[in-house]
Amino acid sequence: MTCSRLFASALTLVCVYALNTLPAFAKPDDYRFELVGKPQPQGGRDIVQVRLVHAPDSKPVPDAVIFQTSADMGPMGMPTMTAPVRAVMAAKDGVYGFEVEPGMTGTWAIHLAAKVQGEPETVRGTITADLVT
Ligand SMILES: [Cu+2]
């Protein structure tokens, strides 16, 4: 076996090894967001608590960075009606708190995008919540 052949077969081994380890990584759709309790209305705003769960083992994900949020009234046929959302509290046990300022009482969709440690792809999800002005 020549030197380059040896190198090529070693490279193949490395590639096969890398492919075999791929399923060990979680996929973005392995995660889901869940509404925790009832949103708490507070002077025109609602505090909404959301748990990020790793679905295959139902474990909360405590160390995610939720970097994108938005809310709209799509569930009530008003997808162009939007509301500001902002993170309000430090995440605890995989529960993340947000404040939404809905312009209208009703069912809202809250869209979230998160970076999860060890997960190269962005995790996205939507929850629906009944909010009160
Ligand atoms: Cu509306």
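FYI, it's all coordinate maths here, none of it is from the lab. It should be emphasised that the depicted structure is a prediction, and the values quoted were computed from it without experimental measurement. Neighbour counts are summed over all protein chains in view; Cβ atoms, including those assigned to glycine, are modelled from backbone coordinates with ideal geometry.
Just a few scattered comments:
- Distance-filtered residues of the range 72-113 - backbone nitrogen under 13 Å, label point 7 angstrom along D130 Cα→Cβ: 105-108
- Virtual paramagnetic centre 7 Å along Cα→Cβ of M81, amide N under 17 Å, in the range 99-127: 100-111
- Across the range 60-73, computed HN-Hα scalar couplings (Karplus, 6.51 cos²θ - 1.76 cosθ + 1.60, θ = phi - 60°) run x, 9, x, 10, 7, 10, 8, 10, 8, 9, 7, 9, 8, 9 Hz from first to last residue, x flagging Gly and Pro.
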